[in-house]
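Just so you know, all these numbers are worked out from the coordinates, no wet-lab data involved. All values derive from a computational prediction rather than experimental measurement. Because the Cβ atoms are built from the backbone with ideal geometry, glycine has one as well, and the counts that use them run over all protein chains shown.
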Amino acid sequence: MRHFGIGFGVANFVVLAMLLMTTAGSSQDKPTKTEEDGKWMDADGSPTYNVAADGKVDWYTYSGFRRYHSECHVCHGPEGEGSTYAPGLVESLKTMKYPEFMGIVASGRTIQRPDKTSVMPALGDNANVMCYLDDIYVYLKARADGALPRGVRPQRSGEKPDTAAQNEKSCMGS
């Protein structure tokens, strides 16, 4: 099985997601978000976006916009708004936490409704998704929180951080 990022396979992503859901602490007395080498994390340690006053976004949010539109929008619609084929992710990410998002993307999910069955395929072996899962999440989270309005192509503020380039090479096997 191919491993992604820091040595996690699909099964490990699911275990990590479950662990994160059970160990996430209170955000009291924690900064709202922190930054390290261009990557932003929220008070619970989940990846998050940073949108500057001029509307420019951090590298990872910009990357997420690009990756979402190359891998996810065919089913989930432009800008995460949904389609007749798959639900809108913007609405889902208003309440869904990162560990749950990570588990669903890696392992897939089937939802039975009275009028249809929706199937999210497991993408845990798709490097074009898994190597950029944080990026895709932060883009969709920015959309869900209203930090990125619909119809606006995000403009990045700065170059790709060295850590992002190193992680990409490691994850993609180049």
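Structure notes:
- Neighbours of Tyr98, meaning other residues whose beta-carbon lies under 11 angstrom from its beta-carbon, give a summed charge of -2 when Lys and Arg score +1 and Asp and Glu score -1.
- Peptide packing: for 118-130, 162-174, the average count of neighbouring Cβ atoms within 10 Å per residue gives the ranking 118-130, 162-174, highest mean first.
- Taking the C-alpha atoms of the range 26-119, convex hull volume expressed per residue in Å³: 130 Å³
- Cβ-to-Cβ counts within 10 Å put Thr48, Thr34 in ascending order as Thr34, Thr48, the fewest first.
- In sequence order, calculated HN-Hα J values of the range 151-161 (Karplus, 6.51, -1.76, 1.60; Hz; x Gly/Pro): x, 10, 7, x, 10, 7, 10, x, 7, 5, x
- Contour minus Cα-Cα distance for Lys116 and Gln155 (0.36 nm per residue): 10.3 nm
- Cross-link pairs beyond the 25 Å C-alpha cut-off, checked among Lys33/Lys141; Lys97/Lys169; Lys56/Lys94: Lys97/Lys169
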